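What follows is a set of notes on a single structure, which appears directly below.
The values are calculated or read from the model by the stated rules, or taken from the named source; none is laboratory data. All values reported here derive from a predicted model rather than from experimental measurement. Here the Cβ positions follow ideal geometry from the backbone for every residue, glycine too, while neighbour counts run over all protein chains shown. Ligands, DNA and RNA are excluded from the accessible area calculation, which covers all protein heavy atoms including side chains. Shrake-Rupley method; radii C 1.70, N 1.55, O 1.52, S 1.80 Å.
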Amino acid sequence: MLPRKWNNLERQRPALRWTKWGMGIGAVLTVLGAIGIGSWVLGVVILGGSLVWAYTILNK
């Protein structure tokens, strides 16, 4: 569960909603890749990209 502050930030900056989805998908792909079902590299790239994107949105 995300803190209440994050929900307020999402209302102010709607693009953060996409970063939340990207982080979730990246985490799932990384875990699945670690057990051998998918590509963990793709998961790490998506997760890292979403984190960088969220960081740039929050620093505007």
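Values for this structure:
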{"item": "Formal net charge of residues neighbouring K5 (Cβ-Cβ distance under 14 Å; K, R +1; D, E -1)", "result": "+3"}
{"item": "Assigned charges on the beta-carbon of Lys, Arg, Asp, Glu; the chain dipole about Cα centre (debye)", "result": "360"}
{"item": "Residue-normalised accessible area of the chain, expressed per residue, 1.4 Å probe, Å²", "result": "76"}
{"item": "Compactness relative to 2.2 N^0.38 Å, alpha carbon Rg of the chain", "result": "1.22"}
{"item": "The chain, relative contact order in percent, only Cα pairs under 8 angstrom and at least six apart counted", "result": "31"}
{"item": "Apportionment of accessible area to carbon and sulfur, the chain, percent (1.4 Å)", "result": "71"}
{"item": "Given charges at Cβ of Lys, Arg, Asp, Glu: the chain dipole, positive-most of L9, G22, L47", "result": "L9"}
{"item": "In sequence order, calculated HN-Hα J values of the range 45-55 (Karplus, 6.51, -1.76, 1.60; Hz; x Gly/Pro)", "result": "5, 5, 4, x, x, 5, 5, 5, 4, 4, 4"}
